[in-house]
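Report on the following structure.
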Amino acid sequence: MRNTIATRPLFELSSPGRRAAILPKSDVPEIDLNSVLPSSALSTSAPKLPELAEGDVVRHFMNLSTQNMCVDTHFYPLGSCTMKYNPKRHERLARTHGLGDLHPFATPQDSQGMLEILFELQNMLGEIAGLPAVSLQPAAGAQGELAALHVASAYFKDKGENRTKVVFPSSAHGTNPASAALAGFDCVQLAPSEDGLVDLEDLEKHVDDQTAVFMITNPNTLGLFEKDIAEICKILHDVGALVYIDGANMNAILGITRPGDFGGDMMHYNVHKTFTGPHGAGGPGAGPIAVRDFLADFLPGPVVTKSESAGETTYDLSIPPKSIGRMRSFFGNVGILLRGYFYLRTLGAQGLRDVSEHAVLNANYLKACLSDVLPVPRGEYCMHEFVASAKSLKDNNNITAMDIAKRLLDYGFHAPTVYFPLVVAEAMMIEPTETESKETLDAFVEAIRSIVKEDSEFLHEAPHQTTIRRPDEVAAARNPLLNWQACVKD
Ligand SMILES: *Cc1c(COP(=O)(O)O)cnc(C)c1O
């Protein structure tokens, strides 16, 4: 039987007068608050807080924490999100006293160590991208996109050009058109193609001297490398436009190829994905952008600079001369940036390349093992992830991608991304990452094989073992009830 005390709200467990600690009666004389504060500032009743013993509170939060799946508890093949294991070494280093306790208002003079780390990180990210100018400001990939589009906008304005359009393929992540619209551009979407790659003829029809930026994820969201990327970039450059590489899939190409080398002009990193910042449920993140030299003056600031004088090295913060301004407070989401820095230093150049090779190997292994039950409609080989289709299971067995995803939770696996990208029917986007062993991948394959043999009615009701079964995801996003009292009323 389920212990319901463990999952009830603290307010319901409250009992008048219950306390974590009972202190002896104070022998300090009470002061008359009315003599020191205006009556309008004084409350007439005690705050409505639950009254509980320490054990009630600790058990409540410990139990809540175990109802979630995370990378530390479960295999988490959530495509496009790169939920890889976050090594504890980097957690420990990011928390060291000199870094974790540094006050954001400390002067550059008093933050030389931190600034040196961030300066080195800028250089490493520039090197991995093949795009030398870096700003660590943006707090997530989506904010990096927005920042880079503002950079593009400022660049064209500076040249006296008025370009209004941002173009992207139909497999683009939703944040791409959202960022373009927020930055004031008109969005133009290419038609879906047979092979899942950008169709050059279709691209040529959609770009002209009004095109500011072409946004492309490479490898794309189908897990396929855009083999014509150099040609694509040439088409854009020939009309004077810029190419933006959405770097969310960098995990597949680290140390193998670079966005700057295949023609990209700007990109973002998702440090929390590619470089093991712990993330999930919307945060935290860091989305530095890297751009070509001729765009450096427009970057969001401050950026970290280094100067040498009389044998002394000094690090400082500076705003680029034509900067679009700040994207967030201070110098970026330092907690996540530090984890990325330690990850890069731990692995080194060869280690980074190994990451991508193993991520691609794991994805192809899983793809091959599942190909008879979950075929992949586009691409013979994949990069670090693949998009399988449950369409034949739906047609023949009445089992949907959602059914499999939900039932996997009962088997102790986090679900893959489902129904994205939209161009694949009953899509299941699976990204195992390099940190999983063959044993884990084999167990996942066994779970899927066992699920697809189950009764479809039983699967429609899955998950059967979680506290929450099938929430209405649309209502949850559109009409969130974030207050326990609002839930109780219903
Ligand atoms: C995750 C992701 C983004 C957005 O990044 P956030 O850091 O979540 O804002 C953009 N594009 C692709 C392809 C992604 O996978």
*Tell me the strands (runs of 3 or more DSSP E) entirely within segment 247-347 that contain at least 1 residues that are acidic (Asp, Glu) and either assigned by TED's automatic domain parsing to the domain that holds Lys157 or touching a Phe, Trp or Tyr at 6+ places or on another chain (Cβ under 7 Å) (or both).*
303-309, 312-318
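Please find, among Ile399, Ile336, the residue that is within 17 Å of Ile430 (Cβ to Cβ), buried (at least 23 other Cβ atoms within 10 Å of the Cβ), among the hydrophobic types (A, V, I, L, M, F, W, C) and at pLDDT 95 or above.
Values: Ile336 fails: within 17 Å of Ile430 (Cβ to Cβ).
On inspection, the qualifying residue turns out to be Ile399.
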*Quick one: Ala390 ticks every box in (1) touching an Asp or Glu at 6+ places or on another chain (Cβ under 6 Å); (2) under 19 Å from Val71 (Cβ atoms) except a single one, so which number is it?*
(2)
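One line per residue, one yes/no per condition, for (1) in contact with a strand residue (DSSP E or B) (Cβ under 6 Å, 6 or more places away or on another chain); (2) in the same structural domain as Pro416 (by TED's automatic domain parsing); (3) surrounded by 14 or more Cβ atoms within 10 Å (Cβ to Cβ):
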| site | (1), (2), (3) |
| --- | --- |
| Glu30 | no, no, no |
| Leu52 | no, no, yes |
| His60 | no, no, yes |
| Leu78 | yes, no, yes |
*Evaluate segment 228-240: report whether one residue or more is touching a Leu at 6+ places or on another chain (Cβ under 9 Å), among the acidic types (Asp, Glu) and crowded, with 17+ Cβ neighbours inside 10 Å.*
no
*Name the single residue, out of those in segment 273-289 being aliphatic (A, V, I, L, M) and crowded, with 21+ Cβ neighbours inside 10 Å, that is farthest from the ligand (Cβ to nearest atom).*
Ile289
*From Val188, Val207, Val198, which residue is in contact (Cβ under 8 Å) with a residue 24 or more places away in the chain and closer than 28 Å to Met327 by Cβ?*
Val207
*What residue, among those in segment 80-111 that are surrounded by fewer than 16 Cβ atoms within 10 Å (Cβ to Cβ) and among the polar types (S, T, N, Q), is nearest to the chain's Cα centre (by Cα)?*
Thr96
*Got at least one residue in segment 377-396 being on the phi > 0 side of the Ramachandran plot, at pLDDT 95 or above and of a type outside the set (Val, Ile, Thr)?*
no
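Residues checked against (1) within 23 Å of Gln112 (Cα to Cα); (2) more than 11 Å from the ligand (Cβ to nearest atom); (3) buried (at least 21 other Cβ atoms within 10 Å of the Cβ):
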{"position": "Val271", "(1), (2), (3)": "yes, no, yes"}
{"position": "Val291", "(1), (2), (3)": "no, yes, yes"}
{"position": "Val304", "(1), (2), (3)": "yes, yes, yes"}
{"position": "Ser307", "(1), (2), (3)": "yes, yes, no"}
{"position": "Glu312", "(1), (2), (3)": "yes, yes, no"}
{"position": "Leu317", "(1), (2), (3)": "yes, yes, no"}
*asked:* Conditions first: (1) under 17 Å from the mean Cα position of the chain (by Cα); (2) within 13 Å of the ligand (Cβ to nearest atom). Leu338 passes all but one, so which condition is the exception?
replied: (2)
*For segment 196-213, what are the residues that are out of contact with any helix residue (DSSP H, G or I) (no Cβ under 8 Å at 6 or more places or on another chain) and either away from the ligand (no atom under 16 Å from the Cβ) or modelled with pLDDT of 95 or more (or both)?*
Leu197, Asp199, Glu201, Asp202, Lys205, His206, Asp208, Asp209, Gln210
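Here are some residues: Gly126, Gly141. Which one is touching a strand residue (DSSP E or B) at 6+ places or on another chain (Cβ under 6 Å), farther than 15 Å from Asp316 by Cβ and within 16 Å of the ligand (Cβ to nearest atom)? Outline the logic, then answer.
Details: Gly126 fails: within 16 Å of the ligand (Cβ to nearest atom).
Sole residue among the options that is touching a strand residue (DSSP E or B) at 6+ places or on another chain (Cβ under 6 Å), farther than 15 Å from Asp316 by Cβ and within 16 Å of the ligand (Cβ to nearest atom): Gly141.
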*Just one of the numbered conditions (1) over 23 Å from the mean Cα position of the chain (by Cα); (2) away from the ligand (no atom under 16 Å from the Cβ); (3) surrounded by fewer than 24 Cβ atoms within 10 Å (Cβ to Cβ) is not true of Ile256; which one?*
(1)
*Before we move on, is Ser193 within 15 Å of the ligand (Cβ to nearest atom), assigned to a loop (DSSP other than H, G, I, E, B) and either of a type in the set (Ser, Thr, Tyr) or in contact with a Cys (Cβ under 8 Å, 6 or more places away or on another chain) (or both)?*
no
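Residue by residue, here is whether (1) of a type in the set (A, V, I, L, M); (2) touching a Ser or Thr at 6+ places or on another chain (Cβ under 7 Å) holds:
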residue	(1), (2)
Ile404	yes, no
Tyr411	no, no
Glu426	no, yes
Glu457	no, no
Pro463	no, no
Thr467	no, yes
Ala477	yes, no
*Scan Val151, Val134, Val167, Val188 and give me the residue that is buried (at least 16 other Cβ atoms within 10 Å of the Cβ) and in a helix (DSSP H, G or I).*
Val151
*With respect to Met114, determine if the residue is surrounded by fewer than 19 Cβ atoms within 10 Å (Cβ to Cβ), more than 16 Å from the ligand (Cβ to nearest atom), among the hydrophobic types (A, V, I, L, M, F, W, C) and not in a loop (DSSP other than H, G, I, E, B).*
no
*Tell me, please, whether a residue that is within 22 Å of the chain's Cα centre (by Cα), among the polar types (S, T, N, Q), assigned to a loop (DSSP other than H, G, I, E, B) and assigned by TED's automatic domain parsing to the domain that holds Glu357 can be found in segment 426-449.*
yes
*Of all residues in segment 164-183, which are in contact with a helix residue (DSSP H, G or I) (Cβ under 7 Å, 6 or more places away or on another chain) and among the β-branched types (Val, Ile, Thr)?*
Val166, Val167, Thr175
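Limited to segment 196-208, what total is found for residues that are out of contact with any strand residue (DSSP E or B) (no Cβ under 9 Å at 6 or more places or on another chain) and part of a helix (DSSP H, G or I)?
Of segment 196-208, the ones out of contact with any strand residue (DSSP E or B) (no Cβ under 9 Å at 6 or more places or on another chain) are 197, 199-202, 204-205.
From what is left, the residues that are part of a helix (DSSP H, G or I) are 200-202, 204-205.
Residues flagged as out of contact with any strand residue (DSSP E or B) (no Cβ under 9 Å at 6 or more places or on another chain) and part of a helix (DSSP H, G or I) within segment 196-208 amount to 5.
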*On the given criteria, is Ala349 surrounded by fewer than 16 Cβ atoms within 10 Å (Cβ to Cβ) and within 29 Å of Lys453 (Cα to Cα)?*
no
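The values are calculated or read from the model by the stated rules, or taken from the named source; none is laboratory data. Since the model is a prediction, treat every value here as computed from it, not as a measurement. Every residue, glycine among them, receives a Cβ derived from its backbone with ideal geometry; neighbour counts consider all protein chains shown.
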